[in-house]
Amino acid sequence: MEDKKNYTVSKKCKNCGQVDEYYFTKKEVAFWKYGDVHKKKCSQCGSSEFEFVSYPSIEVDEELMKEWSIDETLYFLSQDEEIFLAEKRYIDLIIRFLDDPDILLRKRRVLIESLYVIIYDILEGLAEHPLLTNVAWIGEKIEKTPREKEADSLILQKIKKALLERKHLLIEADEYIWQYLREVVYPFLGIQFEMIKIKVCGMKNPENILELSKLPVNFMGLIFYPKSPRYAGDLELEKLNELSEHYRVGVFVNEDPEIVTEKIHTYKLTHIQLHGNESVEYCKQVSDKNRMTFIIKAFSIADISDLKKT
């Protein structure tokens, strides 16, 4: 990313009216890395009081999104990032990054929620970001022309299609979604997530899997621990794909991380469940190689001292 300081922050002194300018890079502006500019003293009179500070705006592009998506310390805003990103011009970029294998879990949730905010604003007839529209303040209802309504309808269908193709990501993000968004967006998408999710584990028999596919179950567990009598390693992938469309959870016990990764890709696992003595480092290693797969770590609790292990 370019490190030229091409962006200007202006600060007007409340005492003498002097306007000082400070220069920042694209990354510093995007992620609000302005340091203590608001504390700097006026170059003319030395006063620390100021009338205003004017910050530059910047458009989120592929380069910025990539850096943000893999770094937990970077924020476009310290709060309400999903609202900041909820602009129609970012829709294609957001959808692309939902599938980025390197994106952090929390960042993917932000992107999903930003698409929900766009849907909500369109369905509720609300204005977009005021700095972009110059029509109304955010949250204010506005009248749209037939052409604008038609364009919004196409946008809604585009987002709906993209989200439903990634329904397993929506399930994972569900508990983090604001209730006001759920009440409007979920009916539009035609989805309803139960607060309690049901997983049936130990599936290896094709007949049982076929019967399970007829039930309202969220997840199907496949055990990849060779010593288990319910070991699923001999189950043919083609047969599995024919029988079930459930989200798949692979269960492992102290397995080699490379084998876990191989099973994730072979059986298209959406989740893995670790039941051995896997360390934090082990979980991170697996996660780094399989960013699209969610990790569940099980702990055996015999007494209160075992809680420290979690």
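The values are calculated or read from the model by the stated rules, or taken from the named source; none is laboratory data. From a predicted model like this one, the values you see are computed outputs, not experimental measurements. Cβ sites come from the backbone with ideal geometry, for glycine too, and all protein chains shown count toward neighbours.
Residue count for region 4-62 satisfying the condition of being among the hydrophobic types (A, V, I, L, M, F, W, C) and in a strand (DSSP E or B): 7. Do we find that I155 is modelled with pLDDT under 85 and over 27 Å from Y247 (Cβ atoms) in this structure? Judged against the criteria, I155 is not a match. Apart from one condition, R291 fits all of (1) of a type in the set (D, E, K, R); (2) touching a residue at least 40 places away in the same chain (Cβ under 8 Å); (3) in contact with a Ser or Thr (Cβ under 6 Å, 6 or more places away or on another chain); the exception is (3). When the criteria are applied in full, F76 meets the requirement of being touching a residue at least 40 places away in the same chain (Cβ under 8 Å) and crowded, with 16+ Cβ neighbours inside 10 Å.
Considering region 93-129, the residues that are part of a loop (DSSP other than H, G, I, E, B) and under 14 Å from the mean Cα position of the chain (by Cα) include one that is surrounded by the most Cβ atoms within 10 Å (Cβ to Cβ), namely I103.
Among the residues making up region 178-197, a single one is modelled with pLDDT of 90 or more and farther than 19 Å from G125 by Cα: G190. Taking the criterion of being under 15 Å from V29 (Cα atoms) and assigned to a loop (DSSP other than H, G, I, E, B), the residues of region 74-92 that qualify are L74, Y75, F76, L77, S78.
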